[in-house]
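Each value in this text was obtained by applying a stated rule to the coordinates, not by laboratory testing. Values in this document were obtained by computation on a predicted structure and should not be read as measured data. Cβ placement follows ideal geometry from the backbone for every residue including glycine, while neighbour counts extend to all protein chains displayed.
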Amino acid sequence: MTTTIDQYAVMGNPIAHSKSPQIHTLFAAQTGQALEYRAVLVEPGGFAAAARSFGAAGGKGLNVTVPFKQDAWVFADILSARAERAGAVNALIFEPGGVRGDNTDGPGLVRDLTVNHDYALAGRRILLLGAGGAARGVLQPLLAERPALVVIANRTAEKALGLAVRFSDLGRVSACGFAELAGRRFDLIIHATAAGLEDATPPLPEGVLAAGGWCYDLMYGREPTAFVRWGWEQGAAQSLDGLGMLVEQAAESFHLWRGVWPETGPVIVALREG
């Protein structure tokens, strides 16, 4: 008697660098789940067809990364409240009644900060750099932690303003361009711009990080990212990359698919050491 092994994957472009197959393989071994997880390169404009084909072949769930999170939002039949609000989906669950879309990025970020690093977000002045899909995905969970304020700064201020308006009912959130940050101070600066893909940082004024402030880059790499290095140069108490967030959002996806929570700590250590 053969055992059916459930199929999962991550789709994106580029995708060869993805650590998701390694993460989910470690989760499966840890929790005794029979599954296979692979990385799939999808050409621009081809996401819906690739996802439909994956589901038709019996695939159970997908993670979705750059640049297809908004395509996945459109593709899903049913959206979670947080995915609906974000306008972006990074996790798809293929069910008999349709394809469910969710967004686990924000919960992953919040859990990495609050649990793994014991950082309380309540009452903090937070600066969120960028107004694209990555920023959209983390705003609702951040605001749910009751920070004093969240300022969204972007090269195109109008785009940041549109995002601030979309989330303004959830807390004190405003928007501006990078130049308008001069003279302001923040306890936590989160980098979510596309500049991270080129290992660059936005043009930030001196003194924007408050004394004892933290920096967090949603990107990660084998070496410290440009923004992590910038944080150290500014005297940050902590300057973190997004590897912990990657593992935590994966754990959230794994729970959506399999109904069990894996332990993330050992997986983060394994990836750092690998």
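Only residues of region 176-196 count here: report those whose backbone N is under 16 Å from the spot 7 Å along Cα→Cβ of A122, or say none.
none
List every residue whose amide H lies under 5 Å from the amide H of T104, counting only residues 5 or more places away in sequence or on a different chain, with H placed 1.01 Å from N in the peptide plane.
Here the answer is N90, A91, since their amide H atoms fall under 5 Å of that of T104.
Amide H of D217 versus every other amide H placed in the peptide plane: which residues, excluding those fewer than 5 positions away on the same chain, fall under 5 Å?
H191, L240, D241, G242
What dipole magnitude, in Debye to the nearest 20, does the chain give about its Cα centre under +1 on Lys/Arg Cβ and -1 on Asp/Glu Cβ? Let's see the in-between values first.
Numbers: 23 positive and 27 negative charges, 83 e Å.
In debye, rounded to 20, the chain gives about 400.
With N residues in region 106-241, what two-decimal value do you get for its Cα radius of gyration over 2.2 N^0.38 Å? Show your work: numbers first, answer last.
Values: Rg = 13.3 Å, N = 136, 2.2 N^0.38 = 14.2 Å.
Rounded to two decimals, the normalised Rg is 0.94.
List every residue whose amide H lies under 5 Å from the amide H of E95, counting only residues 5 or more places away in sequence or on a different chain, with H placed 1.01 Å from N in the peptide plane.
Amide H neighbours of E95: R100.
To the nearest 20 Debye, how big is the dipole of region 106-241 about its Cα centre, given +1 on the beta carbon of each Lys and Arg and -1 on that of each Asp and Glu?
Values: 13 positive and 14 negative charges, 84 e Å.
Taking the Cα centre of region 106-241 as origin, the dipole is about 400 debye.
Identify which of the listed values of Kirkwood radius over Cα pairs in Å was calculated from the structure shown: [x] 19.1; [y] 20.6; [z] 19.6.
Among [x] 19.1; [y] 20.6; [z] 19.6, the one derived from this structure is [x].
Set Lys and Arg Cβ to +1 and Asp and Glu Cβ to -1, take the dipole of the chain about its Cα centre, and tell me which of T31, F167, L113 lies farthest positive.
The residue sitting most towards the positive pole is F167.
Mind checking the full-extension length gain between E43 and I78? Use 0.36 nm per residue of separation minus the Cα-Cα distance, one decimal, nm. Let's see the in-between values first.
Working: separation 35, 0.36 × 35 = 12.60 nm, distance 2.45 nm.
Full extension of this stretch gives 10.1 nm more.
Of all beta bridges DSSP finds with both residues in the chain, what is the antiparallel percent, to the nearest 5?
Approximately 20 percent, going by the DSSP bridge assignments.
Taking Cα centroids, how far is region 180-252 from region 98-125 in Å?
16
Along region 226-241, what does the Karplus equation 6.51 cos²θ - 1.76 cosθ + 1.60 (θ = phi - 60°) give for ³J(HN,Hα), rounded to whole Hz, x for Gly and Pro?
4, 6, 4, 5, 4, x, 4, 4, 7, x, 4, 5, 9, 10, 10, 9
Starting at the first residue of region 87-96, write each ³J(HN,Hα) from the Karplus equation 6.51 cos²θ - 1.76 cosθ + 1.60 with θ = phi - 60°, in whole Hz, x for Gly and Pro.
Using θ = phi - 60°, the values come out as x, 8, 10, 10, 9, 10, 10, 8, 10, x Hz.
Projected onto the charge dipole of the chain (+1 at Lys/Arg Cβ, -1 at Asp/Glu Cβ, origin at the Cα centre), which of G231, G207, A195 gives the Cα projection farthest towards the positive end?
Result: G207, furthest along the dipole toward the positive end.
If I take R0 = 25 Å and measure r between the Cβ atoms of H17 and V269 in this structure, what FRET efficiency does the formula 1/(1 + (r/R0)^6) give, to the nearest 0.05? Mind showing how you got there, number by number?
Working: r = 20 Å, r/R0 = 0.80.
With a Förster radius of 25 Å, E is 0.80.
How big is the antiparallel share of DSSP beta bridges in region 106-241, given as a percent to the nearest 5?
Working: 0 of 21 bridges.
Around 0 percent antiparallel, to the nearest 5.
Whole-Hz ³J(HN,Hα) for each residue in region 250-256, computed from phi via Karplus 6.51 cos²θ - 1.76 cosθ + 1.60 with θ = phi - 60°, x for glycine and proline: what do you get?
After applying 6.51 cos²θ - 1.76 cosθ + 1.60, I find 5, 4, 5, 4, 4, 5, 4 Hz.
Go ahead and run the numbers for FRET between E36 and V115, Cβ-Cβ distance against an R0 of 30 Å, rounding to 0.05.
For R0 = 30 Å, the calculated efficiency reads 0.55.
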